[in-house]
């Protein structure tokens with residue numbers, strides 16, 4: 001069968017919508033039920049299953065791992081520390097208020113911008129390139145229009161990162177960052193721009209797409225015309241957390257209920 005990325009006829013391997021490592025970080029081995037709460041639009045529940053299917057060839061899987069996944073997952077919130085947040089805290093903020101700080105990471109040691117761009121593009125593209133399922137339920141497929149093909153060619157090294165896509169990286173400021181991962185989901189910004197988000201432990205990735213984003217929504221983006229920026233801000237105040245929070249709490253209550261004798 002043809003690989004979803006390179007489109008060559010090659011043997012396919014088990015490919016994940018979100019990296020397997022992000023799922024493993026959410027496991028709690030010291031608990032009676034170590035399985036993480038898996039969060040998808042409209043559902044949250046404790047599950048041992050990962051969202052995966054035969055989709056990519058081995059070469060493309062390795063490409064994703066080497067070009068961003070391995071590095072970014074090492075920098076996110078982990079049981080022994082949160083390397084990316086530690087780096088940001090050593091930098092002087094360009095902008096700050098009571099809710100957030102913005103940093104220019106263009107030349108910062110430990111924050112290779114291209115790895116974050118590539119990693120985010122790989123996840124958003126996977127969420128748009130096919131339908132994924134979990135426990136028989138179809139997960140909402142992202143609609144990226146012409147940017148889906150542009151991202152595919154970027155991931156193959158055939159095009160630069162799409163000019164009409166802006167990526168924002170929000171690093172959780174809470175000292176006790178959880179290990180939540182949420183698959184890509186879609187919505188609209190207040191101005192009507194298409195907005196897509198996903199999270200791995202400690203880091204929220206947001207893309208806005210459209211013909212006007214390069215001029216009207218450029219400030220603060222990782223791929224801004226003015227530099228490369230990351231935000232330090234509370235995850236609990238983000239709309240993705242607020243929208244999924246009730247689902248997570250219901251799942252946690254259900255799991256606790258099953259532990260009762």
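Here is how the numbers come out for the structure above:
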| read-out | value |
| --- | --- |
| Flag if residue 220 is in contact (Cβ under 8 Å) with a residue 24 or more places away in the chain, surrounded by 18 or more Cβ atoms within 10 Å (Cβ to Cβ), out of contact with any helix residue (DSSP H, G or I) (no Cβ under 7 Å at 6 or more places or on another chain) and farther than 25 Å from residue 69 by Cβ | no |
| Elements of type strands (runs of 3 or more DSSP E) contained in the stretch 1-53, each with 1 or more residues being closer than 19 Å to residue 127 by Cα and modelled with pLDDT under 75 | 37-40, 43-46 |
| Residues of the stretch 162-191 classified as farther than 16 Å from residue 105 by Cβ, part of a loop (DSSP other than H, G, I, E, B) and modelled with pLDDT of 90 or more, total | 3 |
| Test: residue in the stretch 192-202 that is crowded, with 19+ Cβ neighbours inside 10 Å, at pLDDT 95 or above and either at negative phi or in contact with a helix residue (DSSP H, G or I) (Cβ under 8 Å, 6 or more places away or on another chain) (or both) | no |
| Qualifying residue in the stretch 96-116 (condition: surrounded by fewer than 19 Cβ atoms within 10 Å (Cβ to Cβ), assigned to a helix (DSSP H, G or I) and in contact with a helix residue (DSSP H, G or I) (Cβ under 9 Å, 6 or more places away or on another chain)) | yes |
| Tally, over the stretch 188-216, of residues that are more than 15 Å from the chain's Cα centre (by Cα) and over 22 Å from residue 112 (Cα atoms) | 14 |
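The values are calculated or read from the model by the stated rules, or taken from the named source; none is laboratory data. Owing to the predicted nature of the structure, the values given are computational and were not obtained by experimental measurement. Don't worry about glycine lacking a Cβ; one is built from the backbone with ideal geometry, like all the others, and counts go over all protein chains shown.
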